[in-house]
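The values are calculated or read from the model by the stated rules, or taken from the named source; none is laboratory data. In this text, all values refer to a predicted model and were calculated from it rather than measured experimentally. Here the Cβ is made from the backbone with ideal geometry for all residues, glycine too, and neighbour counts use every protein chain on show. Only protein heavy atoms, including side chains, enter the accessible area calculation; ligands, DNA and RNA are left aside. Shrake-Rupley method; radii C 1.70, N 1.55, O 1.52, S 1.80 Å.
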Amino acid sequence: LQPGSKIKELGRTVGEELLKVHVNYAPLLMKLAGSLHGAVHITGGGFWGNIPRVVPEGLQARIHRGSWPVSPVFQFLQEKGRISEREMFEVFNMGAGMILVADRGEEGSVMRKIRSGGFEPHLIGEIVDGQSENVKLVD
């Protein structure tokens, strides 16, 4: 593929997709200061490389597949590259660029603040006790 190659599934060229502006989460995080237990910017290393940084030993982040929209670019890469689901989540953010951890019962308040900051939040999981794996994808 060349930078000018149009990718039907994405509705844009390879170059346009690669040059999309990175989301700046700093203003949102400042607005949420004091409301969170943790924030994880899902960059290189994907879910398994980043989420464990805010999950204490003996706890598990249980992430529900299908609870947020996966960007078409990830579906395209997985299909064309014949990449396993596990590897996709290990390498990419799968459309979940920032994951926030808040108290149970506070998610409504946090989600309202996120919406007022111009983002569309998704409740994608929970932290549970007594698990050996720090991150687990569940249906």
Exercise. Of the residues 71, 35, 5, which single one is touching a strand residue (DSSP E or B) at 6+ places or on another chain (Cβ under 7 Å) and not acidic (Asp, Glu)?
Worked result: 5
For this session: Report yes if residue 62 is in contact (Cβ under 8 Å) with a residue 60 or more places away in the chain and of a type in the set (Lys, Arg), otherwise no.
Result: yes
For this session: For the stretch 45-61, name all the residues that are in a helix (DSSP H, G or I) and surrounded by 20 or more Cβ atoms within 10 Å (Cβ to Cβ).
Result: 46, 47, 51
For this session: Report yes if residue 107 is in contact with a helix residue (DSSP H, G or I) (Cβ under 8 Å, 6 or more places away or on another chain) and of a type in the set (Asp, Glu), otherwise no.
Result: no
Seminar exercise, completed: Exactly one of 20, 31 is in a helix (DSSP H, G or I) and closer than 25 Å to residue 115 by Cα, and that residue is 31
Exercise. Residue check: is residue 92 buried (at least 16 other Cβ atoms within 10 Å of the Cβ) and closer than 15 Å to residue 135 by Cα?
Worked result: yes
For this session: Scan the stretch 70-94 residue by residue and report those that are in contact with a Leu (Cβ under 7 Å, 6 or more places away or on another chain), part of a helix (DSSP H, G or I) and either free of Cβ contacts under 8 Å to residues at least 24 places away in the same chain or farther than 17 Å from residue 43 by Cβ (or both).
Result: 72, 76
Seminar exercise, completed: The residue from 42, 99 that alone is surrounded by 15 or more Cβ atoms within 10 Å (Cβ to Cβ) and modelled with pLDDT of 95 or more is 99
For this session: Could you list all residues from the stretch 60-75 that are of a type in the set (A, V, I, L, M) and more than 22 Å from residue 13 (Cβ to Cβ)?
Result: 61, 63
Problem set entry | Every pair of residues 6+ apart whose Cβ atoms lie under 6 Å, when the first sits in the stretch 102-116 and is in a helix (DSSP H, G or I) while the second is open to solvent by less than 40 Å² (accessible area, probe 1.4 Å) | 110/35; 110/102; 111/121; 113/32; 114/121
Exercise. Out of all the residues in the stretch 119-130, which are open to solvent by 70 Å² or more (accessible area, probe 1.4 Å) and either without any contact (Cβ under 8 Å) to a residue 60 or more places away in the chain or in a loop (DSSP other than H, G, I, E, B) (or both)?
Worked result: 120, 122, 123
